[in-house]
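Below is one structure, written out as structure tokens, with a few remarks after it.
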Amino acid sequence: MSTGTRTRHLVALFLAAVLTVCLASCGDGGARSERGFTVGLLLPSRSLPRWENADKPLIEEQLKARCPACTLTYANAENDAARQRQQMISMITKGARVLIVDAADTKALRSSIYEAHRAGVPVVAYDRLAEGPIAGYIGFDGAQVGRLQGQALLTALGDKAPGATVVMMNGDPTSPNAAWYREGALSVLRGRVDIARSYDTPGWNTQEAHTNMVAALAALGPEGIDAVYAANDAIAAGVISALKSAGVRRMPPVTGQDADLDAVRRIVKGEQYMTVYKAFRDEAASAVAMAVALGRGEDPGGTPTTIDSPTTRDIPAVLLSPTAITVADIGPVLVDGGVYPLSRICVPRLREACAAAGLTG
């Protein structure tokens, strides 16, 4: 059984276990299951398309299906940790029974998580492992994300990999995921390529990435960069725009993450080499299952693994498996898998590139 298949199997068992607990506790004519409560959802920013376009609507959909009487209250921190602390305290004060939190700054939010814990409001850390006494963590295996990105660069470089000049465009230094991705990538790349420059990207911001890439180009020259590790698709967009501005016509392989629609189109055009697809629907389903169980005062149980944060050990966790996406994977994984219809990828200006990539239908 492959790692991805095994992970999906364990997640399915976790979701089934949560449902079994609910059914067992709702034997009094279903009265308890009909009582609704408020679930707070706090997301970190609008700078990445996934938060508003994928995670929020998927969590809303999953909550409606799993707890029809429950209500969702939502806040976006806009990359402001102080704002997110205020949003979190406001939700606790207004009676949210459980919180799903993707921390804008995992350290800065720690005091608020302790306050939630004292108030008896469990916190499910979503996508980023927050510090403090969280009740559970739902996310993707960050080390595997980085390994997929690093291996993709080696594959793209082929025989030119030994000694190739690679620029590392890492994520936000306040996010533990950024370090997780970077270390995963370095575990593959270290000793096999020359890491010539390494930059952090506050806020995972495209313009910051563009500025950093301009600096890398000034230091190494347009012909002196063989490949670019970009931690996600927003960073990849900034990298590619800087390369274009420098007059680079044949793009070096550039990684990414999140399978944003624009990134998928860049892959079709040959501008971005790969991205990493993360099944946000599975992540949302696992988070809502855990949150609803905790909101009902139940032990969600059955989580596939545990994880340690800087403050807390043995946190119940669901770590989902990511999937590498190159141009050959767009059809079988993203189109056939129902992530994007072909018509949204192969817009009129990309029809020729899509045909060359075998994306027709």
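Here are some notes:
- Inter-label distance, nm, simple model (7 Å from Cα along the C-beta direction), Thr305/Glu52: 3.3
- You can think of it this way: the chain between Val347 and Ser187 has 53.8 nm of extra reach, that is 0.36 nm per residue less the Cα-Cα gap.
- Spatially proximal aspartates and glutamates relative to Lys160 (Cα-Cα < 18 Å; intrachain offsets below 8 disregarded): Asp194, Glu223, Asp226
- Phi-based couplings in Hz for segment 116-133 (Karplus 6.51, -1.76, 1.60; Gly and Pro marked x): 4, 4, 5, 7, x, 9, x, 10, 9, 6, 10, 6, 10, 7, 6, 8, x, x
- The charge dipole of segment 53-189, taken about its Cα centre with unit charges on the Cβ of Lys, Arg, Asp and Glu (plus for the first two, minus for the last two), comes to roughly 340 debye.
- Amide H to amide H distances under 5 Å link Ile100 with Gly40, Leu41, Leu42, Val124, where only residues 5 or more positions off or on other chains count and H is placed in the peptide plane.
- Equivalent ellipsoid of the chain: semi-axes from √(5λ) of the C-alpha gyration tensor, largest first, are 38, 22, 18 Å.
- Principal semi-axes in Å for segment 66-162 [√(5λ), Cα gyration tensor, largest first]: 36, 15, 12
- When Rg and Dmax are taken over the Cα atoms of segment 112-260, they come to 17.2, 58 Å.
- Karplus (6.51, -1.76, 1.60) ³J(HN,Hα), θ = phi - 60°, over segment 270-281, in Hz, Gly and Pro reported as x: x, 8, 10, 7, 7, 9, 10, 8, 10, 6, 4, 4
- Distance between the pseudo-spin-label points of Lys94 and Glu61 (7 Å out from Cα toward the beta carbon): 2.5 nm.
- Under 25 Å from the Cα of Lys64 - lysines, other chains or at least 8 residues apart: Lys56, Lys94, Lys278
- Computed [θ] at 222 nm, deg cm²/dmol, the chain (DSSP H ≥ 4; -39,500 (n - 2.57); rounded to nearest 500): -13000 deg cm²/dmol
- Two-site FRET efficiency, Lys244 against Glu298, from Cβ-Cβ distance with R₀ of 56 Å, rounded to 0.05: 0.60
- Taken over segment 264-326, the convex hull of the Cα atoms encloses 116 Å³ per residue.
- Degrees between helix 3-25 axis and first principal axis of the chain (Cα, 0 to 90, nearest 10): 20
- Span per principal axis, largest first, for the Cα atoms of segment 238-361 (Å): 56, 35, 19
- Packing-based order for 237-247, 187-197, 341-351, 251-261, using average beta carbon neighbours within 10 Å, highest first: 251-261, 237-247, 187-197, 341-351
- Close amide H pairs (under 5 Å, H built 1.01 Å from N) link Gln272 with Ile267, residues at least 5 positions away or on another chain.
- Calculated FRET value between Thr211 and Thr73, using beta carbons and R₀ = 41 Å, to 0.05: 0.65
- Rg/Rh for segment 173-261, where both radii come from Cα atoms and Rh is the Kirkwood radius: 0.94
- Shape summary: segment 126-174 maps onto an equivalent ellipsoid whose semi-axes, from the alpha-carbon gyration tensor, are 32, 12, 6 Å in decreasing order.
The numbers here are math on the coordinates, done by the rules we state, and not lab data. It should be emphasised that the depicted structure is a prediction, and the values quoted were computed from it without experimental measurement. Note: ideal-geometry Cβ built from the backbone for every residue, glycine included; neighbour counts use all protein chains shown.
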